[in-house]
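Undergrad: Below is the structure I would like to discuss, written out as structure tokens.
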Amino acid sequence: MSVRKLFVVVLCVGLLLGGVVSAQETIRIGANLEMTGAVAAYGQMIWEGVNLIREIVGDTVLGKKVELVLVDNKSDKVEAANATTRLIDKENVVAIIGPAISGSMLAAGPICEEKQIPIISATATNPLVTQGKKFVFRACFLDPYQAAAAAQFAREDLKAETAAVLSDIAQDYCVALGNFFKEEFEKRGGKVIVEQHCKTGDQDFSAQLTTIINANPDLLYVPNYYTEIALICRQARDLGYEGIILSADGADAPELFSVGGDAVEGLYHTAIWDATKGLNDIGQKYIDLYKERFGKDPNMFGALGADAYLILIHAIERAGSTDPVKIREAIEDTENLDVVTGKVTIENGDALKPVVVRKVEGGKFVFVKTVTVE
Amino acid sequence: MNWVTFFQQLMNGVSVGSLYALLAIGYTLVYGILGLINFAHSDVFMLGTYFAFFMMAIFLLPWWLSVLIGVALCAVVGMSIERVAYRPLRNAPRISALITAVGVSFFIENLGLVTVGARPKGFPRPDLMKNVYILLGARIQGVTFWVPVISILILFVLFYIVYRTKIGIAMRAVSRDMETTRLMGVDVDRIILYTFALGSALAGIGGVLWACKYPQINPLMGIFPGWKAFTAAVVGGIGNVVGAMLGGFIIGLAEILIVAFFPGLTGYRDAFVFTILIVFLLVRPGGLMGEAVREKV
């Protein structure tokens with residue numbers, strides 16, 4: 001055997017052994033996130049949050065190192081499904097931190113269900129995401145709950161009598177919020193006088209807004225994502241709309257201010273979390289480290305990404321095993337767990353916690369109150 | 001719908017349409033001379049906004065100077081694309097050049113995603129562009145007024161260059177017969193380079209004005225405006241500059257009015273535009289002005 005052949009054989013054996021050893025010593029968790037595409041900011045912020053919380057709580061569980069495997073789903077439903085299959089079949093992960101948005105999560109969920117691998121989304125809020133599924137979870141509250149809180153706030157606190165809804169029909173999240181808002185707003189004695197739609201990626205909303213302004217509602221509800229919200233606010237103000245604008249947690253990205261500028265002043269939105277003060281020890285630690293590392297206030301997406309990671313890690317610890325089915329049971333049993341955004345309880349795959357309302361003042365979000373739906 | 005609302009919707013349509021028109025001129029110019037649909041046009045459009053943005057954000061230059069530099073850089077990029085991607089394929093079948101154009105387009109988009117990132121940036125606008133004026137009850141942004149004015153100015157400059165300068169004569173000659181023009185001693189490659197510089201500078205101007213209306217820039221921002229401007233160019237009669245402007249206004253108005261009159265069809269807004277494209281290609285492939293004016297600019 002020549003030296004060269006020997007070298008190759010040694011190399012192969014080494015690689016094989018290395019593979020076996022690393023497979024035994026690490027726990028692989030997948031991250032199926034929007035690193036590029038329409039909502040890249042969400043995926044990137046979640047990824048920041050997950051990595052930051054690993055620095056705080058450490059990256060080991062059950063005495064083994066946790067290895068994160070990141071796959072970009074390009075903010076696309078089909079890519080999200082492909083990424084899920086790849087994580088399970090090729091990367092052999094025991095659990096997945098799922099896509100940020102509901103549409104992609106709806107595409108990824110059934111695959112995890114079939115292959116019995118738990119998946120937890122940081123921020124997908126559409127009810128269908130977890131409905132009737134055993135292996136699909138989320139670290140945030142649901143769209144109906146958030147929309148009901150928004151409607152309650154609009155009626156009780158803002159005293160709005162009439163409202164218009166402008167929602168994105170290409171996003172399950174936006175459509176659901178719009179519908180649930182209307183239902184709850186009218187149940188509380190208000191009236192939704194005009195409903196208009198747009199589509200993800202639209203930059204021009206002048207036609208819809210002109211119709212809305214013509215109907216003259218007290219309040220405009222825009223349950224969309226930050227890029228659309230910023231442009232809608234701009235164009236609404238340019239077209240002469242002077243009423244209140246209310247949006248949902250999709251508004252929470254710094255781009256809202258850089259694109260929206262003075263047009264987003266006074267905008268209200270429902271949020272999962274307020275980053276100015278931690279509600280518990282780990283929340284405060286996260287906020288402090290985030291500020292130290294990035295020199296700005298942390299965002300909700302990162303915090304919920306951290307929550308998703310914490311829920312998974314605690315579940316693996318309680319399960320005492322890396323068997324995905326046992327991990328799944330442990331996640332479902334999560335109760336009053338202290339995570340970055342407060343105390344979380346998981347029920348039927350969904351997280352329960354109060355809704356925060358914030359307002360834009362002086363180019364930043366200011367805490368208004370928390371709403372518990374009655 | 002009352003009259004004021006209707007008038008406002010018309011203005012909304014003209015506003016979007018004039019931007020499509022400006023972009024469509026760039027497509028049509030290059031096509032008219034080379035017979036090549038430069039799909040990278042919409043990406044040079046995007047680059048124009050980023051160049052101007054970085055001039056303002058990093059070098060803190062005033063708005064007008066940043067825009068001028070941005071447009072000049074676009075011209076340079078346009079020439080580089082021609083030199084690197086299209087010139088080697090000058091004598092290849094037309095389909096090869098078309099596919100290369102698509103490739104260049106994807107390359108620039110993805111390069112943008114990798115270098116500046118996918119997250120959108122806010123584009124600063126001067127007051128001139130963002131002030132709102134009220135005309136007959138309709139509210140009109142400064143940019144809506146300036147875009148058609150600038151487009152018409154550009155038309156005059158284009159006509160001057162094409163009909164009154166030596167380069168223009170050479171451009172028209174190249175568009176008629178490249179080989180014969182070469183035999184006449186004209187440096188054809190240089191003329192084509194100038195054509196690309198001109199077309200790309202137009203894309204840069206279009207990009208900056210687009211960003212003034214929709215102040216949010218990202219590496220993929222050129223795709224949809226590009227497709228729609230291309231549609232406008234075809235509707236107007238590709239190769240015809242006046243037709244491109246007309247096509248732009250038609251597409252802009254069609255898009256706004258379908259949403260205004262049929263809110264239920266909002267989701268089909270883009271589909272509607274492309275349906276117009278298909279109908280034109282089937283019924284009148286030469287476009288509106290394609291037959292009336294034989295002379296190609």
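The values are calculated or read from the model by the stated rules, or taken from the named source; none is laboratory data. Computed from a predicted structure; not experimentally measured. A quick note on method: Cβ atoms are made from the backbone with ideal geometry, for glycine too, and the neighbour counts reach across all protein chains shown.
Undergrad: A:Gly189: of a type in the set (Gly, Ala, Ser) and on the phi > 0 side of the Ramachandran plot, yes or no?
TA: On the way: of a type in the set (Gly, Ala, Ser): yes; on the phi > 0 side of the Ramachandran plot: yes.
Criteria met by A:Gly189.
Undergrad: Still on this model: Would you check which residues across the range A:232-263 are out of contact with any Gly (no Cβ under 8 Å at 6 or more places or on another chain) and either aromatic (Phe, Trp, Tyr) or at the interface with another protein chain (Cβ under 9 Å from one of its Cβ atoms) (or both) and list them?
TA: Just the residues of the range A:232-263 that are out of contact with any Gly (no Cβ under 8 Å at 6 or more places or on another chain), to begin with: A:232, A:235-243, A:246-254, A:256, A:262-263.
Result: A:Gln235, A:Arg237, A:Asp238, A:Leu239, A:Gly240, A:Tyr241, A:Ala253, A:Pro254.
Undergrad: If you don't mind, another one. Pairs only if they're at least six apart or on different chains, beta carbon under 9 angstrom, first in the range B:1-28 and within 8 Å of another protein chain (Cβ to nearest Cβ), second part of a helix (DSSP H, G or I) and among the basic types (Lys, Arg); list them, first residue then second.
TA: Short answer, once both residue conditions are applied: B:Ser15/B:Lys213; B:Val16/B:Lys213; B:Val16/B:Lys228.
Undergrad: On to the next question. Report whether or not B:Ile161 is closer than 25 Å to B:Ser42 by Cβ and either hydroxyl-bearing (Ser, Thr, Tyr) or free of Cβ contacts under 8 Å to residues at least 40 places away in the same chain (or both).
TA: Details: closer than 25 Å to B:Ser42 by Cβ: yes; either hydroxyl-bearing (Ser, Thr, Tyr) or free of Cβ contacts under 8 Å to residues at least 40 places away in the same chain (or both): yes.
For B:Ile161, the condition - closer than 25 Å to B:Ser42 by Cβ and either hydroxyl-bearing (Ser, Thr, Tyr) or free of Cβ contacts under 8 Å to residues at least 40 places away in the same chain (or both) - is met.
Undergrad: Now a separate question. Between B:Leu73, B:Leu60, which is of a type outside the set (S, T, N, Q), closer than 20 Å to B:Pro219 by Cβ and surrounded by fewer than 22 Cβ atoms within 10 Å (Cβ to Cβ)?
TA: On the way: B:Leu60 fails: closer than 20 Å to B:Pro219 by Cβ.
The conditions single out B:Leu73.
Undergrad: Ok, one more. I need the full set of residues from the range A:264-292 which are within 22 Å of A:Asp157 (Cα to Cα), surrounded by 18 or more Cβ atoms within 10 Å (Cβ to Cβ) and either modelled with pLDDT of 85 or more or within 14 Å of chain B (Cβ to nearest Cβ) (or both), in order please. If you could, list the steps in order and put the result at the bottom.
TA: If we filter the range A:264-292 for residues that are within 22 Å of A:Asp157 (Cα to Cα), which is where we start, we get A:264-274.
From what's left, surrounded by 18 or more Cβ atoms within 10 Å (Cβ to Cβ): A:264, A:267-274.
Of everything in the range A:264-292, those that are within 22 Å of A:Asp157 (Cα to Cα), surrounded by 18 or more Cβ atoms within 10 Å (Cβ to Cβ) and either modelled with pLDDT of 85 or more or within 14 Å of chain B (Cβ to nearest Cβ) (or both) turn out to be A:Val264, A:Leu267, A:Tyr268, A:His269, A:Thr270, A:Ala271.
Undergrad: How many residues, within the range A:317-356, are touching a Ser or Thr at 6+ places or on another chain (Cβ under 6 Å) and assigned to a strand (DSSP E or B)?
TA: The total comes to 5.
Undergrad: Looking at A:Arg328, is it away from every other protein chain (no Cβ under 12 Å), touching a Phe, Trp or Tyr at 6+ places or on another chain (Cβ under 7 Å) and not aromatic (Phe, Trp, Tyr)?
TA: On the way: away from every other protein chain (no Cβ under 12 Å): yes; touching a Phe, Trp or Tyr at 6+ places or on another chain (Cβ under 7 Å): yes; not aromatic (Phe, Trp, Tyr): yes.
Answer is yes for this residue.
Undergrad: Which residue is modelled with the lowest pLDDT, if the candidates are limited to the range A:170-210 and must be β-branched (Val, Ile, Thr) and surrounded by fewer than 21 Cβ atoms within 10 Å (Cβ to Cβ)? Please lay out each step first, then the result.
TA: Initially, the range A:170-210 is screened for residues β-branched (Val, Ile, Thr), giving A:175, A:192-194, A:200, A:210.
Within this subset, residues satisfying the condition of being surrounded by fewer than 21 Cβ atoms within 10 Å (Cβ to Cβ) are A:175, A:192-194, A:200.
Working: A:Val175: 90, A:Val192: 93, A:Ile193: 93, A:Val194: 92, A:Thr200: 84.
Looking at the filtered set, the residue picked out is A:Thr200.
Undergrad: Give just the number: which of (1) modelled with pLDDT of 90 or more; (2) in contact with a helix residue (DSSP H, G or I) (Cβ under 9 Å, 6 or more places away or on another chain); (3) not acidic (Asp, Glu) does B:Arg164 not satisfy?
TA: All conditions are met except number (2).
Undergrad: Where residues in the range B:115-153 are loosely packed, with under 13 Cβ neighbours inside 10 Å and in a strand (DSSP E or B), which of them is farthest from the other protein chains (Cβ to nearest Cβ)?
TA: Going through the qualifying residues, I end up with B:Leu135.
Undergrad: If I ask for residues that are within 14 Å of chain A (Cβ to nearest Cβ) and of a type in the set (Val, Ile, Thr), which ones from the range B:230-280 would you list?
TA: The answer is B:Ile251, B:Ile256, B:Ile258, B:Val259, B:Thr266, B:Val273.
Undergrad: Identify, from the list B:Gly48, B:Gly35, B:Gly70, B:Gly112, the residue that is within 13 Å of another protein chain (Cβ to nearest Cβ) and in contact (Cβ under 8 Å) with a residue 40 or more places away in the chain. Outline the logic, then answer.
TA: On the way: B:Gly48 fails: within 13 Å of another protein chain (Cβ to nearest Cβ); B:Gly35 fails: within 13 Å of another protein chain (Cβ to nearest Cβ); B:Gly70 fails: within 13 Å of another protein chain (Cβ to nearest Cβ).
Criteria check complete, one pass: B:Gly112.
Undergrad: Mind checking whether some residue in the range A:204-226 is under 27 Å from the mean Cα position of the chain (by Cα), without any contact (Cβ under 8 Å) to a residue 40 or more places away in the chain and in the same structural domain as A:Thr162 (by TED's automatic domain parsing)? Talk me through it step by step, then tell me what you get.
TA: Residues of the range A:204-226 that are under 27 Å from the mean Cα position of the chain (by Cα), as a first pass: A:204-205, A:219-226.
Imposing the further condition that a residue be without any contact (Cβ under 8 Å) to a residue 40 or more places away in the chain reduces the set to A:204-205.
Now restrict to residues that are in the same structural domain as A:Thr162 (by TED's automatic domain parsing): A:204-205.
Within the range A:204-226 (the criterion being under 27 Å from the mean Cα position of the chain (by Cα), without any contact (Cβ under 8 Å) to a residue 40 or more places away in the chain and in the same structural domain as A:Thr162 (by TED's automatic domain parsing)), the answer is yes, since at least one residue qualifies.
Undergrad: Find the strands (runs of 3 or more DSSP E) located wholly in the range A:81-167 whose residues include 3 or more that are surrounded by 24 or more Cβ atoms within 10 Å (Cβ to Cβ) and not polar (S, T, N, Q), and list them. Walk me through how you get there before you give the answer.
TA: Working: elements: A:95-98, A:119-121, A:136-138.
Those strands (runs of 3 or more DSSP E) span A:95-98, A:136-138.
Undergrad: Right, another one. Yes or no: A:Tyr145 at pLDDT below 90, more than 22 Å from A:Leu231 (Cβ to Cβ) and of a type in the set (Ser, Thr, Tyr)?
TA: Values: at pLDDT below 90: yes; more than 22 Å from A:Leu231 (Cβ to Cβ): yes; of a type in the set (Ser, Thr, Tyr): yes.
Yes.
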